[in-house]
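This structure is in structure tokens; I'll ask about it shortly.
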Amino acid sequence: MNIQIRPILVALRRHKAGTLLIALQIALTLAIVCNALFIIHQRLANLSEASGVDEADVFVVANYWADVNRSTEQVDAQVRADLAALRQLPAVLDATPASGYPLRGGGWDNFVTKTPDQVKPTTDAAVYTGDEHFIDTLGLKLVAGRNFRPDEVMVMGTQQAITPPTAIVSKALAERLFPGGDALGKSFYAMGTTPSTIIGIVDPLHRQGVDSSSNSYAGQALIWPLRADDSKGIYYIVRAKPGQLAAAMREAPKALFAQSRMRIIDPKDGVQDYATIRHKVFDSDRGMAILMGIICAVLLAITAAGIVGLTSFWVGQRRRQIGVRRALGARQRDILAYFLTENFLISVAGVALGTVLAIVFNLWTMTRFAMAPMSMAYVGVGVLVLLLLGQGAVLAPALRASRVPPVEATRGS
Amino acid sequence: MFRYYIDLALRSLGRNKVLTALMVLAIALGIGASMTTLTVLHVLSGDPLPGRSGTLYYPQIDPRDSQGYLPGKTPPMDQVTWTDGMNLLRAKRADRQALMTGGDVAVQPGESTLDPFYEDARFTTAGFFPMFGVPFAYGHAWGGAEDEAHARVAVISSTLNDKLFGGKDSTGQTLRLSGTDFRIVGVIGDWNPNPHFYDLDRASYNEDEGVYVPLSTSQDVGMNHDGNVECWGNGGNGINPIHDSPCTWLQFWVQLDSPAKATAYRQFLVNYSEQQKALGRFQRPPNVQLRNVMQWLDYNQVVPDDVRLQNGLAFGFLLVCLVNTVGLMLAKFLRRAGELGVRRALGASKRALFAQLLVEAGVVGMVGGVGGLLLAFAGLWLVRQQPASYAALAHLDPAMLLATFLLALGASLLAGLLPAWRACQIAPALQLKSQ
């Protein structure tokens, strides 16, 4: 097959406006599509972030006290009784009190320093509180050190600031504070005047928040041995025995109300399993990914339709010229190749411009929305998709052109 | 003449149904997508208190220690401490002022069959209601005397009033909140400022506070604070703020009726900071800001990033749709070179031809606009199904409705300009000869 590029270029020069429009449309589509693909990929990556929690068996009870005028001792007694009741349930493996839980969508975090008088904080950590059952209830993997002992668990009442002398930290936090890998036994300060010593390291443990502001502190969390007996309420994190999640979620609120009626557990979302928690916290990411997907699909369809429309017009305009070529000996496949090549040349010009636009668009999102730089792989995929799309779109009109009979040359149009 | 052109346009559009449908669809999709995101953006960046927001200001000061202070670079704190809030409130240097914070209270319905439930609450001083122009369905706000007396009085929202009292006038009734009895003095009418400008640390949109009680009283009866607490130094820890801790957790708003008063108030904030520094409470040189409502919303970038990103993408999408329509119109107009040649030969001027083709483009735009409007309605319905806090606000208002049509018409006329101009350049003789 011998394809003459020069005649194509000469012909295109006579259709400057149309050629430029197709090239421009391909360029814009490429710029939007590869940025959208990049956003989709990022958001989908968020959806599968590991929390460290044994999500299949764990659920959370948001327990509020109806009577807030109780002393810390009274609340603590109630919390202990509640926990004992929860742990005795046949479908329950373990339970812990907590002030927050991974993937909650935001919550308590503290700046962390290595010395008490440090001006600039070393980093930031999500703060979890719980008793000696916390690690086992969540199903966290202890990769170094030990768990809390019951005698290390302290009580923190409403409006109290307590810094326990021991803490378990996530591996990410340990490595950020002590890059040498010898964090165990070392101490840090988390907005308190007394240090906490690292007695154990877990990996992984997600933060409570998932927003972009906590990206630079990803996976950095600390656990303090505290029962946060706030007069407002408390979270109970409960781990069901394998396969008994539904039963445990039914039993838990009943058992708590049997302990005391002076509590509020929202009938709608007071008891949530981890599937729900994960679904909720990543809702906007999933929504954005779906929206981007739709935009990409519609955009590609419109661009394809535009190419079909303009090429059909060109074919209609050149029926006589095609007839002449056929009469002079051009085969059907030569005509087909002519239009495919023509589209390819336009598309190449389009994707070249599109690559520049895509990078400009990415730079704009980087400055305006603090997005990461886009890998050129997305541009590569986009270029490939658009070249194939162009060839696919031009195929139908080109086939129609190839079937123009040579006798067309003799007809006065 | 115009009607004749419309007639011609409709005939011409009817001849190439597929091409016409493609053009209408492209315009409709582009308009639908951009109007959906533009409406969301418009709703989310709206003025929460039109006519009033220009005189409402949010004073910011910087009570932190000198650690980490970069002159001119470190912004002052977003909220105030209890001590500063009370000092500024008692100074009474503004036309009106209110100190407030968010919280939540356990509502224990008396005789009704409802279970106790938690309700978002606002702990504030009396200035809140007249300053923000809060309308009352029943009763009235509490006054400064009740603030001083730590009175057990409450104002509730109409939503909560519907839930607890079936919408009847509940003033004078007793309501048990977090274990303490309160007397209801007022029920708020239709009032739901969006964005929730006076406290952005909770949800920025569609925040639904049911209970308002005096700040002083809320502290007496140990009601729970809910909102951002920012501490510095080594004094802060935990989730609940205390009055003398180095933590900011309250919002302070003032009303200043003239720019001169705003300038004077700013100077007062500088003087206050200097005085506190002299007393040893503050360590930094005066670091103050005084923003009005819209400036405050802008500073906090209250419109979610995702919404702005979507808006940018939607307009890129509209651009592609427009380029596409230009291409299709070009094909369509040039294909009719013969017909246009005949009209030229019969005496139609280039200008008349140009007008005729633009009318045709306009017809495409109008039909596309209607399609785009339907798509925007569908798009906004989809947005409302989203779980985001602002979702329920996404409705098309008359201004945006008009904007949709103008955008569609403008876009299609713009898209028709080049093809129409090209088509008018045809030499009539050449076209007639080839017939």
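Every number in this text was worked out from the coordinates using simple rules, so none of it is lab data. Just so it is clear, the model here is predicted, and its values are computed rather than measured. Counting neighbours? That spans all protein chains shown, and the Cβs are built from the backbone with ideal geometry, glycine included.
May I ask you to list the residues of region A:37-72 whose amide nitrogen lies under 12 Å from a point 7 Å from Cα along the Cα→beta-carbon direction of residue A:162?
A:72
Ignoring everything except DSSP H segments at least 4 long, calculate the 222 nm mean residue ellipticity for chain A; use -39,500 (n - 2.57) per segment, divide by total residues, nearest 500.
-16500 deg cm²/dmol
Sticking with this structure for a sec: Pairing the Cα long axis of helix B:2-15 with the longest principal axis of chain B, what angle in degrees results, from 0 to 90 and rounded to the nearest 10?
It is inclined by approximately 80 degrees.
Would you mind getting the Kirkwood hydrodynamic radius of region B:238-369 from its Cα pairs, rounded to one decimal in Å?
22.2
Where does region B:332-414 land on the Kirkwood hydrodynamic radius, alpha-carbon pairs, in angstrom?
15.3
Further, regarding this structure: What nm distance separates the two modelled labels at residue A:356 and residue A:377, each placed 7 Å from Cα along Cα→Cβ?
For residue A:356 paired with residue A:377, the spin-label model returns 2.7 nm.
How large is ³J(HN,Hα) for each residue in region B:256-268, as worked out from phi by the Karplus curve 6.51 cos²θ - 1.76 cosθ + 1.60 (θ = phi - 60°), to whole Hz, x for Gly and Pro?
So the J values, rounded to whole Hz, are 10, 6, 9, x, 5, 5, 5, 4, 5, 5, 4, 5, 4.
Could I ask something else about it? For a Förster distance of 45 Å, can you work out the FRET efficiency between the beta-carbons of residue A:250 and residue A:215, rounded to the nearest 0.05?
Plugging the Cβ-Cβ distance into 1/(1 + (r/R0)^6) gives 0.75.
On to the next question. Where a Cα-Cα gap under 20 Å defines reach, which lysines qualify for residue B:332, not counting those fewer than 8 residues away within the same chain?
A:16, B:17, B:350
Among all the lysines, which ones have a C-alpha under 24 Å from residue A:186's C-alpha, if same-chain residues fewer than 8 places away are not counted?
Correct list for residue A:186: A:114, A:120, A:141, A:171.
Along the principal axes of its C-alpha atoms, what lengths does chain A span, in descending order and rounded to whole Å?
104, 48, 34
Still on this structure: Compute the Rg/Rh shape ratio of region A:22-131: radius of gyration over Kirkwood radius, all on alpha-carbon atoms.
Rounded to two decimals, Rg/Rh equals 1.20.
Check the straight Cα-Cα distances from residue B:168 and name the aspartates and glutamates below 17 Å, setting aside those fewer than 8 residues away within the same chain.
Output for residue B:168: B:111, B:190.
Hey, another quick one. Projected area of region A:304-385, taken from the Cα convex hull and averaged over every viewing direction, in nm²?
Orientation-averaged projected area of the Cα hull: 6.9 nm².
Additional query: Would you mind getting me the FRET efficiency between residue B:350 and residue B:18? Use the beta-carbon distance for r and R0 = 35 Å, nearest 0.05.
E between residue B:350 and residue B:18, to the nearest 0.05, is 0.75.
Which percent, nearest 5, of DSSP beta bridges in the protein assembly as shown are antiparallel?
75
With Kirkwood's inverse mean 1/r over C-alpha pairs for Rh, give me the Rg to Rh ratio of region B:128-266, two decimals please.
0.99
Pull out the extension gain between residue A:42 and residue A:142, defined as 0.36 nm times the separation in residues minus the alpha carbon to alpha carbon distance; nm, one decimal.
Stretched fully, the residue A:42-residue A:142 segment lengthens by 33.1 nm.
Once Rh for chain B is found with the Kirkwood sum over Cα pairs, what is the Stokes-Einstein diffusion coefficient at 20 °C and 1.002 mPa s, in µm²/s?
In µm²/s, the coefficient is 82.
Just to be sure I understand the curve: with the Debye formula and one point per C-alpha of the protein assembly as shown, what is log10 I(q)/I(0) at q = 0.07, 0.09, 0.10 Å⁻¹?
-0.71, -0.99, -1.12
Here is a follow-up. Counting only DSSP beta bridges with both residues in chain A, what percent are antiparallel, rounded to the nearest 5?
That works out to approximately 70 percent antiparallel.
Now for a different question. Once amide H atoms are placed 1.01 Å from N in the peptide plane, what residues at a sequence separation of 5 or more from residue B:153, or on another chain, have their amide H within under 5 Å of its amide H?
HN-HN under 5 Å from residue B:153: B:183.
Let me ask you something else. Counting Lys +1, Arg +1, Asp -1, Glu -1, what net charge surrounds residue B:333 among other residues with beta carbon under 13 Å of its beta carbon?
Combined, the nearby Lys, Arg, Asp and Glu give +4.
To continue, here is another question. For region B:69-108, what does the convex hull of the Cα positions come to per residue, in cubic angstrom?
In region B:69-108, the Cα hull volume divided by residue count equals 138 Å³.
Distance between Cα centroids, region B:151-178 to region A:198-247: provide it in whole Å.
Distance between centres, Cα-based: 37 Å.
Over the whole of A:295-307, what's the average partner chain Cβ count within 10 Å per residue? Rounded to a whole number, please.
Averaged over the peptide's residues, the number is 5.
Mind pulling the per residue volume of the convex hull built on the Cα atoms of region B:282-435? Å³ is fine.
Hull volume normalised by residue count: 181 Å³.
Fewest first, what order do A:148, B:117 take by the number of other Cβ atoms within 10 Å?
B:117, A:148
Over the Cα atoms, compute the radius of gyration (one decimal) and Dmax (the largest Cα-Cα distance, rounded to a whole number) for region B:1-131, in Å.
Gyration radius and largest Cα-Cα distance of region B:1-131: 28.7, 78 Å.
Please compute the length gained on full extension between residue A:4 and residue A:77, using 0.36 nm multiplied by the number of residues separating them and subtracting their Cα-Cα distance.
Result: 17.3 nm gained on full extension.
Measure off 7 Å from each Cα along the Cα-to-Cβ vector at residue A:334 and residue A:388, then give the distance between these two points in nanometres to one decimal.
3.2
Can you check what the net charge comes to around residue B:207, using other residues whose Cβ is under 9 Å from the Cβ of residue B:207 (Lys, Arg +1; Asp, Glu -1)?
Counting the neighbours of residue B:207, the net charge comes to -3.
For every helix of n ≥ 4 consecutive DSSP H residues, a contribution of -39,500 (n - 2.57) applies; sum these over chain B, divide by its total residues, and give [θ] at 222 nm rounded to the nearest 500 deg cm²/dmol.
Mean residue ellipticity at 222 nm (helix-derived): -16000 deg cm²/dmol.
In addition: What's the angle, to the nearest 10 degrees (0 to 90), between helix A:283-317's Cα axis and the longest principal axis of chain A?
0
Another one. For residue B:413 and residue B:140, compute 0.36 nm times the residue count separating them, minus their Cα-Cα distance, and round to one decimal in nm.
Going from the current span to full extension adds 92.7 nm.
May I pose another question? Within 10 Å of each Cβ in peptide B:375-383, how many partner chain Cβ atoms are there on average? Round it to a whole number, please.
If you average over the peptide's residues, the count of other-chain Cβ atoms is 1.
Could you give each residue of region A:182-188 its phi-based ³J(HN,Hα) in whole Hz, using Karplus coefficients 6.51, -1.76, 1.60 with θ = phi - 60°, and x for Gly or Pro?
Whole-Hz 3J(HN,Hα) from phi for region A:182-188: 10, 5, 4, x, 7, 10, 9.
For region A:123-169 and region A:260-299, what is the separation of their C-alpha centers, rounded to whole Å?
Centre-to-centre (Cα) distance: 28 Å.
For region A:220-265, restrict the atom set to alpha-carbon positions and state the Rg and Dmax in Å.
13.5, 38
Let me ask something else about it. Starting at the first residue of region B:384-398, write each ³J(HN,Hα) from the Karplus equation 6.51 cos²θ - 1.76 cosθ + 1.60 with θ = phi - 60°, in whole Hz, x for Gly and Pro.
5, 7, 6, x, 4, 5, 7, 3, 5, 7, 6, 10, 7, 9, x
Here is a follow-up. Sort all Cα-Cα distances of region A:240-301 into consecutive 10 angstrom bins from zero, then give the percent of pairs in each bin up to the one containing the longest distance.
In whole percents, the pair-distance histogram is 17, 31, 22, 16, 11, 4, 0.
Same structure again: Could you work out, residue by residue across A:225-234, how many beta carbons of other chains sit within 10 Å of that residue's beta carbon, and then give the average as an integer?
3
Please give the FRET efficiency for residue B:92 paired with residue A:56, using the beta carbon to beta carbon distance and R0 = 60 Å, rounded to the nearest 0.05.
Efficiency at R0 = 60 Å is approximately 0.50.
Would you mind computing the Rg to Rh ratio of region A:144-271 from its alpha-carbon coordinates, Kirkwood style for Rh?
Here the Rg-to-Rh quotient is 1.02.
Treat each spin label as a single point 7 Å out from the Cα along the C-beta direction, and report the residue A:193 to residue A:120 distance in nm.
Each label point is offset 7 Å from its Cα along the Cβ direction, giving 2.7 nm.
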